[in-house]
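To start, the structure under review is shown below, and the notes come after it.
The values are calculated or read from the model by the stated rules, or taken from the named source; none is laboratory data. Since this is a predicted model, take the numbers as computed values, not measurements. Glycine gets a Cβ as well: all are built from the backbone with ideal geometry, and neighbour counts include every protein chain shown. Side chains included, ligands, DNA and RNA excluded: accessible areas come from the protein's heavy atoms. Shrake-Rupley method; radii C 1.70, N 1.55, O 1.52, S 1.80 Å.
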Amino acid sequence: MKFFSTVAVLVGVAATALAQTIELAYPTDGTVLTPGQNITAQIVQPESMASCIQVGIALALNACENGVCPDPAQELGAILYAGPWTPTGHQVGGFYQNFSVSIPMFLQGAGPGIFSLTHLCLLGGGPAPFLEYRNASVTIA
């Protein structure tokens, strides 16, 4: 009987965690980024019933070498933004925040790259730390 209650708790925690996921609305896969260019990155969080105390996000850009992009959990690359994330409501069903960032000049001609979003919040009544990554495969011109 204890096994079933443990499984039920784990399923509940997983469902809560999945409900907290955020999305990288822009840039998207295939976006071409030019060093020196200013872009507006958009981060979206769908509406959720679970409580999540926002700690912050990091936006980063990294070049890929020989077709292999670094894992954002191991290496972020050039940090474009690191700080608070305070999304505001939009449309029915979610929240978003835009960030103006500049593509670093030292990445000129780098080719394939990965634009990553790292998100940290404190989840649930405990609370417990919840860390997640989202990314887009981009081209650095």
Quiz item: Scanning for something within 19 Å of Glu23 (Cβ to Cβ), open to solvent by less than 70 Å² (accessible area, probe 1.4 Å) and either out of contact with any strand residue (DSSP E or B) (no Cβ under 9 Å at 6 or more places or on another chain) or of a type in the set (Val, Ile, Thr) (or both), does the range 63-86 turn up at least one residue?
Solution: no
Quiz item: Is there any pair linking a residue in the range 113-140 that is of a type in the set (D, E, K, R) to one that is assigned to a strand (DSSP E or B) and crowded, with 16+ Cβ neighbours inside 10 Å, with Cβ under 8 Å and at least six apart or on different chains, and which?
Solution: Glu132/Thr118; Glu132/His119; Arg134/Leu24; Arg134/Ser116; Arg134/Leu117; Arg134/His119
Self-check item: Residue count for the range 38-62, restricted to those that are at pLDDT below 90 and buried (at least 19 other Cβ atoms within 10 Å of the Cβ)
Solution: 2
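Please list, ordered by residue number, the strands (runs of 3 or more DSSP E) wholly in the range 81-126 having 2 or more residues that are within 12 Å of the chain's Cα centre (by Cα) and under 26 Å from Glu65 (Cβ atoms).
Fully inside the range 81-126 and qualifying: 111-123.
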Practice problem: Looking at (1) in contact with a Lys or Arg (Cβ under 6 Å, 6 or more places away or on another chain); (2) at pLDDT below 95, find the lone condition where Leu117 falls short. | Solution: (2)
Quiz item: Looking at (1) open to solvent by 30 Å² or more (accessible area, probe 1.4 Å); (2) of a type outside the set (A, V, I, L, M, F, W, C); (3) modelled with pLDDT of 50 or more; (4) more than 12 Å from Leu123 (Cα to Cα), which is the one condition that is false for Ser5?
Solution: (3)
